[in-house]
Structures are given as C-alpha cells and as structure tokens.
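Let me begin by presenting the structure, written as structure tokens, before commenting on it.
The values are calculated or read from the model by the stated rules, or taken from the named source; none is laboratory data. Keep in mind that what you see is a predicted model, and the values were worked out from it rather than measured. Methodologically, a virtual Cβ is constructed for each residue, glycine included, from the backbone with ideal geometry; neighbour enumeration extends over all protein chains shown.
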Amino acid sequence: MLRRTFTSSLVAIIGGHSVYAQSLRESKLLEPFAEIPWVVAERHTDAYPYLVRFRQFSEDFPRSTYPKRLNIFWSVQEADDIGLATKQELARLHVFEDRLVEAVEHDKSSVLAAVVTGRGEREFVFFVRNPQEFIGRLSAMPQEAERYPIEIHLNEDPDWLYFHDLAANKA
C-alpha cells in the first residue's frame, strides 16, 4: 500500500478560508517518482480561486515517453462555500489518489504531473504511455461502495503544453 507522509504543510488563504495543502513524500519502494518535488500554488481567475499542485520535473525528465494526457475530473460531492472539498471529501480524494498512483506509477507507465482543486472539482493530470493500459488499471483498482464521481478526458499533448501552462500560471 502506498504510504503518504507529510514533510511540510502550506496554508493558503483563499476567500478568507484557510486551506491546507501538503507537499508529499511517498515511499520510494512503491513510488518511483517520489524524488520529484511538488510545489503548491494558489491561483485565481476573475470568477474563482483554485489551488495547483504540480511536480518540478528536471530538464532531463523523459517527457516524450509520455505523449498522452489523461485528465481525471472528480466532481466534489461535499464542498465548502468557495467550492473546495470539505475534510470528509478530502479523505475520499486522498484514498482515490493514493490508489490510483499506486496502480499506474509503480512501473513508470504513467506519471501524475499536477492536481488542480477548485470550483467544486479536483483535476488529476496524468501523462501516460498507453491510455488503454491506464484505464484498465483504473478499472481494476479497489473501489468504494459507490462509484467514484469521475470523468476522464484523453488528449494528445506530446509537448506537455497543458502542464507548462498550469506551472506557469497560464491555465
């Protein structure tokens, strides 16, 4: 099982609410990309605030190995008044993310590059070698009593433009 340990906490103030975003260090035995650091940033549009957590990939990371982008959108069932997940919903999101990362990253066939949270949803941005294999692993991973409230979009993105826009605050 993937172990989540918190090495530091960041507190972002969004719309007068304190939102805790943790930088993660997963077990290196189970998470081959654990050495890639995460950054958490607060972003705003004219209409709403959101948080972006993204990995700081080195220049020599083999991006071309992962030419397809899968965006998994989790529709938040329990949100606060500004559209961020409640503590109970966050617990479900953490379980889902841990299970998914364990299922698809253990052999470096996919990499979770970013997570965007706000406006009543959380978006997981994965870059993958083989989308069908990813979907098979997602389907085979443990489920809760109710189906996960997710929607999946597949995109060609060999240059990782979406990720670069998120990391550079252009999204």
Which of the numbered conditions does residue 108 fail, given that it passes all the others? Conditions: (1) surrounded by fewer than 13 Cβ atoms within 10 Å (Cβ to Cβ); (2) over 18 Å from residue 48 (Cα atoms). (1)
From the set of residues in segment 15-66 that are surrounded by fewer than 16 Cβ atoms within 10 Å (Cβ to Cβ) and aromatic (Phe, Trp, Tyr), which is modelled with the lowest pLDDT? 20
Considering only segment 47-65, state which residues are in a loop (DSSP other than H, G, I, E, B) and closer than 11 Å to residue 113 by Cα. 56, 57
So, of the residues in segment 67-83 that are out of contact with any His (no Cβ under 7 Å at 6 or more places or on another chain) and at pLDDT below 90, which turns out to be surrounded by the most Cβ atoms within 10 Å (Cβ to Cβ)? 76
Is it the case that residue 91 is hydrophobic (A, V, I, L, M, F, W, C) and exposed (fewer than 15 other Cβ atoms within 10 Å of the Cβ)? yes
Restricting segment 81-94 to residues that are assigned to a helix (DSSP H, G or I) and without any contact (Cβ under 8 Å) to a residue 24 or more places away in the chain, which is nearest to the chain's Cα centre (by Cα)? 90
So which residues in segment 66-80 are over 14 Å from residue 164 (Cα atoms) and not in a loop (DSSP other than H, G, I, E, B), if there are any at all? 68, 70, 71, 72, 73, 74, 75, 79
Any hit, segment 134-151, residues being surrounded by 16 or more Cβ atoms within 10 Å (Cβ to Cβ), hydroxyl-bearing (Ser, Thr, Tyr) and over 14 Å from the mean Cα position of the chain (by Cα): yes
May I ask you to list the residues in segment 127-141 that are touching a Lys or Arg at 6+ places or on another chain (Cβ under 7 Å) and of a type in the set (A, V, I, L, M, F, W, C)? 127, 128, 141
Only one of 64, 139, 109 is more than 23 Å from residue 35 (Cα to Cα) and among the hydroxyl-bearing types (Ser, Thr, Tyr). Can you tell me which? 139
